[in-house]
Amino acid sequence: MVNSTFGSQNEEKCKIKEVELRCQAMLQEALSQVEKRLPESANMFKGLSLLNPNKVLSQTLRGKFEDLPFPHLMESDGVIEEQYRKVGLVEWCEEECFAGSGIPKDSLKFWQGVAKHNNFKELATYALTSLITPASNATVERIFSLVTAIKTKPRNKTQMKLLDAIVRIRSHLIDNGICCKDFECTTSMLKLHNSDNLYGKEESNTTDNDETDYLENVLH
């Protein structure tokens, strides 16, 4: 009886081990197939880690200038290269842009602060442009989903500029983890909430500047 029970336990363990090995093999094959299907340009994203403040400000971890990603985004190589060599020499914790809060670990927040420094604007612009480059079409698909959820059949008269404003606001709330119940409407927003803006006729002569002014009023 004991031998039978012991044999059953061993058999069960062997089956579990076999399932684990098969799952591991499946994951390895899936990874291999994904790597084969990735475009060659995916290698360019490997250099994004070099823009992390921990590496940029470190004399031992910082990468070479020629290893930085997306060189085609550098409008003036010479200026950016010089700024890249000098950025690690600045005591950023004492600069006004990081005073009190300290140097952020987040790459975007770090370069947004650096952009306020007059001597590193070109480098910061390049770094921010590189970091916001979408690695996939997930953001675009998310926008399509938002548009579909907003412009339904009952709301089929919603004008383009209003639709654009709502998508921008919802995207902002989602990206920053803000709930709609915490959104505070300003007086200028309430004034814009009228039938002309909501369901007014499309004007063929509406300029881009008019739409930009409208969005700025809604978002601010």
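Output the qualifying pairs, or none if there are none: Cβ atoms under 6 angstrom, residues six or more apart or on different chains, first residue in region 157-170 and on the phi < 0 side of the Ramachandran plot, second residue open to solvent by 50 Å² or more (accessible area, probe 1.4 Å). Pairs that qualify, where the first residue is on the phi < 0 side of the Ramachandran plot and the partner is open to solvent by 50 Å² or more (accessible area, probe 1.4 Å), are Lys157/Tyr199; Thr158/Lys151; Lys161/Glu211; Leu163/Lys151. Of all the numbered requirements in (1) free of Cβ contacts under 8 Å to residues at least 60 places away in the same chain; (2) open to solvent by 40 Å² or more (accessible area, probe 1.4 Å); (3) within 26 Å of Leu173 (Cβ to Cβ), Thr133 misses one, and that requirement is (1). Scanning region 77-92 for residues that are farther than 16 Å from Lys64 by Cβ and surrounded by 13 or more Cβ atoms within 10 Å (Cβ to Cβ) turns up Val79, Val90, Trp92.
Count of region 54-103 residues, restricted to those that are part of a helix (DSSP H, G or I), more than 20 Å from Asn118 (Cβ to Cβ), hydrophobic (A, V, I, L, M, F, W, C) and in contact (Cβ under 8 Å) with a residue 40 or more places away in the chain, is 1. In region 50-62, what count of residues is obtained for those that are farther than 13 Å from Trp111 by Cα and exposed (fewer than 15 other Cβ atoms within 10 Å of the Cβ)? Within region 50-62, residues that are farther than 13 Å from Trp111 by Cα and exposed (fewer than 15 other Cβ atoms within 10 Å of the Cβ) number 4.
Here Ala138 fulfils each of the conditions (1) in contact (Cβ under 8 Å) with a residue 12 or more places away in the chain; (2) exposed (fewer than 14 other Cβ atoms within 10 Å of the Cβ); (3) under 15 Å from the mean Cα position of the chain (by Cα) apart from (1).
For region 143-159, a tally of residues being in a helix (DSSP H, G or I) and out of contact with any Ser or Thr (no Cβ under 8 Å at 6 or more places or on another chain) returns 8. Report yes if some residue within region 93-106 is open to solvent by 60 Å² or more (accessible area, probe 1.4 Å), β-branched (Val, Ile, Thr), more than 24 Å from the chain's Cα centre (by Cα) and at pLDDT 85 or above; otherwise report no. There is no residue in region 93-106 that is open to solvent by 60 Å² or more (accessible area, probe 1.4 Å), β-branched (Val, Ile, Thr), more than 24 Å from the chain's Cα centre (by Cα) and at pLDDT 85 or above. Screening Thr133 on (1) closer than 26 Å to Ala115 by Cβ; (2) part of a helix (DSSP H, G or I) shows it passes everything except condition (2). Selection within region 107-130: residues that are surrounded by fewer than 17 Cβ atoms within 10 Å (Cβ to Cβ) and not hydrophobic (A, V, I, L, M, F, W, C). The member of this set that is farthest from Lys55 (Cα to Cα) is Asn118.
Can you tell me which residue in region 167-178 is farthest from Asp196 (Cα to Cα), limited to those that are open to solvent by 50 Å² or more (accessible area, probe 1.4 Å) and at pLDDT 85 or above? So, considering only residues that are open to solvent by 50 Å² or more (accessible area, probe 1.4 Å) and at pLDDT 85 or above, the one farthest from Asp196 (Cα to Cα) is Arg170.
When Phe70, Phe65 are checked against the criterion of being open to solvent by less than 50 Å² (accessible area, probe 1.4 Å), at pLDDT 90 or above and more than 19 Å from Asp106 (Cβ to Cβ), Phe65 stands alone in meeting it.
The values are calculated or read from the model by the stated rules, or taken from the named source; none is laboratory data. No experiment lies behind these values; they were computed from the predicted model shown. Don't worry about glycine lacking a Cβ; one is built from the backbone with ideal geometry, like all the others, and counts go over all protein chains shown. Accessible surface areas use protein heavy atoms only, side chains included; no ligands, DNA or RNA. Shrake-Rupley method; radii C 1.70, N 1.55, O 1.52, S 1.80 Å.
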